[in-house]
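Here's the structure we're looking at; comments come further down.
The values are calculated or read from the model by the stated rules, or taken from the named source; none is laboratory data. Predicted model, so just to flag it, every value in this text is computed and none were measured. For neighbour counting, all protein chains shown are included, and Cβ atoms are generated from backbone atoms with ideal geometry for every residue, glycine included.
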Amino acid sequence: MTKSRKLNLIYQKLYKSFGPQHWWPGKTPLEVIVGAILTQNTNWQNVERAIVNIKKAKALDARKLYRMPQKKLAKLLRPAGYFNIKAKRLKNFLKFYLDSYGANVRKMRAANTDVLRGQLLSVNGIGEETADSILLYALNKPVFVVDAYTKRFSSRHGLTPEDSDYQAVQRFFTQNLESSVQLFNEYHALIVKLAKEYCLKSKPKCEVCPLRTDLVRHGQ
């Protein structure tokens, strides 16, 4: 079985088992970007609480957030944890967003994907997973997001070696799947769903995993 065929069979089984995941849970590109930055080292429920704080302050606007005193911003971000660090990271992104694109998401979306990715990675505090989440979920760029869940799932199902780095895992998916924003979006969300409910870090529930078939087995 080809790698592409196997990946597509996995996707079909996950989609049949879980259905559409409706990612990313943000109403505007800026909200998605803010969420991608805040979700580092915490869960989404905490991020949602921080975003609610921003909305209550009527500050979910690039210029308002950037002009806000850092201590005040940090206070709003407190539910997301590491709030002082995240306030600084968010400010770093907003400066880039304002300086390079005038806070115009359409202009940013029109930029070359590789160039934009490089620009995002040059922003202090923005790593590969955050940059790619911004590209895929906020800007509709066909970039496959890799996280700890993706690496765990990929190695356990024999898709990539356990010691593969971010770029190697990303390359495997992009080279063996159709380049599609919708597919990359849904596939990553389904992997996260699988990892949280079955493919756990310790004591994985392999016996009841929806991928437990003759075609796709743990370790194959």
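Surrounded by fewer than 16 Cβ atoms within 10 Å (Cβ to Cβ) and closer than 30 Å to Ala62 by Cα: does that describe Ala138? I'd like the intermediate steps shown before the answer.
Values: surrounded by fewer than 16 Cβ atoms within 10 Å (Cβ to Cβ): no; closer than 30 Å to Ala62 by Cα: yes.
The answer is no for Ala138.
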Counting only helices (runs of 4 or more DSSP H) entirely within segment 112-170, those with at least 1 residues that are more than 18 Å from Thr39 (Cα to Cα) are 113-121, 148-156
Taking first residues from segment 69-83 that are within 14 Å of Lys55 (Cα to Cα) and second residues anywhere that are not in a helix (DSSP H, G or I), the pairs with Cβ under 7 Å that are 6 or more apart or on different chains are Leu76/Ala57
Does Trp23 meet the test of being in contact (Cβ under 8 Å) with a residue 12 or more places away in the chain, in contact with a His (Cβ under 8 Å, 6 or more places away or on another chain) and either closer than 23 Å to Gln170 by Cα or not assigned by TED's automatic domain parsing to the domain that holds Leu159 (or both)?
yes
Meets criteria (in contact (Cβ under 8 Å) with a residue 24 or more places away in the chain and of a type in the set (Asp, Glu)) for Asp114: no
If we keep only residues of segment 28-46 that are under 13 Å from the mean Cα position of the chain (by Cα) and part of a helix (DSSP H, G or I), then the residue nearest to Lys196 (Cα to Cα) is Trp44
Scanning segment 65-74 for residues that are loosely packed, with under 15 Cβ neighbours inside 10 Å and in a helix (DSSP H, G or I) gives Arg67, Gln70, Lys71, Lys72
The lone condition Tyr15 fails out of (1) in the same structural domain as Ile126 (by TED's automatic domain parsing); (2) in contact (Cβ under 8 Å) with a residue 24 or more places away in the chain; (3) closer than 19 Å to Tyr149 by Cα; (4) of a type in the set (Phe, Trp, Tyr) is (1)
